[in-house]
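Input: a single structure, listed below in structure tokens.
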Amino acid sequence: MSSERPINPRFDDDMMFNLVSPGPPRYQTGTDKPVRYFTVVDKQSGVVLGYVWANDEDDAATWEPRQAAGPRAYSEGGIWHARLEDAKGRGLLPSQALAELLASPEGNKGRALPDSLTDAPNAAAVEALAASE
């Protein structure tokens, strides 16, 4: 009697993956062109959780979590990403999506800070802001 376990011959079978669908439409997540962005704060404490930015020229928009806010900022990103994905699916330009998010500012644990819409020279500037605080 051998103590070796037999090797399943299927381990040698070739595998093939077929893409079923391309997934939901999404905005690009980077641009080197000017962006507009707003601040998202925690509903209870007022701590800055992150930023939502957009640029129409490159069809780009995304959530940028504030690193100092930790896991709560990353968790909050799910709702803002979902809302942006929904806006893209309805054919809205990134700036239109931003306006819609500001008009309905409630997230999960956060909300858009009133009157925080501002400009940045590019997405990297917003990323740097999120990383530096």
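The values are calculated or read from the model by the stated rules, or taken from the named source; none is laboratory data. Since this is a predicted model, take the numbers as computed values, not measurements. Every residue, glycine as well, gets a Cβ built from its backbone with ideal geometry; the counts of neighbours run over all protein chains shown. Keep in mind that these areas ignore ligands, DNA and RNA; they rest on the heavy atoms of the full protein, side chains included. Shrake-Rupley method; radii C 1.70, N 1.55, O 1.52, S 1.80 Å.
List of remarks:
- Which listed residue is open to solvent by 60 Å² or more (accessible area, probe 1.4 Å), within 16 Å of the chain's Cα centre (by Cα) and on the phi < 0 side of the Ramachandran plot, from ASP32, ASP86: ASP86
- For region 111-122, the criterion of being small (Gly, Ala, Ser) and open to solvent by 40 Å² or more (accessible area, probe 1.4 Å) is satisfied by no residue at all.
- Of all residues in region 12-65, exactly one satisfies the criterion of being out of contact with any helix residue (DSSP H, G or I) (no Cβ under 9 Å at 6 or more places or on another chain) and of a type in the set (Lys, Arg), namely LYS43.
- Checking each residue in region 111-133 for being touching a residue at least 24 places away in the same chain (Cβ under 8 Å) and assigned to a loop (DSSP other than H, G, I, E, B) picks out LEU113, SER116, LEU117, PRO121, ASN122, GLU133.
- Checked against the criteria, TYR74 does not count as buried (at least 17 other Cβ atoms within 10 Å of the Cβ) and of a type in the set (Phe, Trp, Tyr).
- Contact annotation: residue pairs with Cβ atoms under 8 Å, 6 or more positions apart or on different chains, pairing a residue in region 24-41 that is under 14 Å from LEU101 (Cβ atoms) and among the charged types (D, E, K, R) with a partner that is outside any loop (DSSP other than H, G, I, E, B) and open to solvent by 60 Å² or more (accessible area, probe 1.4 Å), are ARG36/ASP119.
- Residue match in region 88-110 (condition: assigned to a helix (DSSP H, G or I) and among the acidic types (Asp, Glu)): yes
- Looking across region 89-110, the residues that are open to solvent by 50 Å² or more (accessible area, probe 1.4 Å) and farther than 17 Å from THR29 by Cα come down to ARG90, ALA99, GLU100, LEU102, ALA103, SER104, GLU106, ASN108, LYS109.
- Pairing each residue of region 67-94 that is modelled with pLDDT of 95 or more with any residue that is in a loop (DSSP other than H, G, I, E, B) and among the basic types (Lys, Arg), provided the two are 6+ apart or on different chains, yields C-beta distances under 8 Å for LEU84/ARG26; GLU85/ARG26; LYS88/ARG26.
- Considering region 37-68, and only residues there that are of a type in the set (Gly, Ala, Ser) and open to solvent by 20 Å² or more (accessible area, probe 1.4 Å), the residue that is nearest to the chain's Cα centre (by Cα) turns out to be ALA68.
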